[in-house]
1. I need a count of the residues in the range 47-78 that are of a type outside the set (S, T, N, Q) and in a loop (DSSP other than H, G, I, E, B).
2. What is the number of the single condition among (1) β-branched (Val, Ile, Thr); (2) out of contact with any helix residue (DSSP H, G or I) (no Cβ under 6 Å at 6 or more places or on another chain); (3) not in a loop (DSSP other than H, G, I, E, B) that Val84 does not meet?
3. Within the range 13-63, how many residues are more than 17 Å from the chain's Cα centre (by Cα), of a type in the set (D, E, K, R) and modelled with pLDDT under 95?
4. Every residue in the range 27-50 that is small (Gly, Ala, Ser) and either surrounded by 14 or more Cβ atoms within 10 Å (Cβ to Cβ) or closer than 16 Å to Leu75 by Cα (or both), please.
5. Does Val64 qualify as being open to solvent by less than 50 Å² (accessible area, probe 1.4 Å), within 22 Å of Pro28 (Cβ to Cβ) and touching a residue at least 60 places away in the same chain (Cβ under 8 Å)?
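The values are calculated or read from the model by the stated rules, or taken from the named source; none is laboratory data. Worth saying up front: this structure is predicted, and the values here are computed from it rather than measured. Using ideal geometry, Cβ is built from the backbone for each residue, glycine included, and neighbour counts are taken over all protein chains shown. The protein model used for the area step is the full one, side chains on, heavy atoms only, and it has no ligands, DNA or RNA in it. Shrake-Rupley method; radii C 1.70, N 1.55, O 1.52, S 1.80 Å.
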Amino acid sequence: MVAMSWLTASIPAQLARFTLPAETAAFPAGPAGELLTQRCTACHSADLVTRQPPLTAEKWQATVTKMREVYRAPLDPAQDGRLVAALLAVQNR
């Protein structure tokens, strides 16, 4: 924390404090929503995921693969089919 003290000392107190709004979006109830909550919401809000443009299964698969390989998301490749099916299910609501 000492290393950051120079930064926080240079920021006026009224700018250094802020409150994020409460998360109100949630995935729909059910297996798809539960899976996405478990696997995606550590990094993404449900709102971010559900507001994506409609994607094909192939594009969702590429997205899941990118999250695992590029961003090191702890996603088991054996679960890819379930994740893609869940993403398709929530985008069509």
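1. The total comes to 11.
2. (2)
3. Of the residues in the range 13-63, 1 are more than 17 Å from the chain's Cα centre (by Cα), of a type in the set (D, E, K, R) and modelled with pLDDT under 95.
4. Correct list: Ala32, Gly33, Ala42, Ser45, Ala46.
5. no
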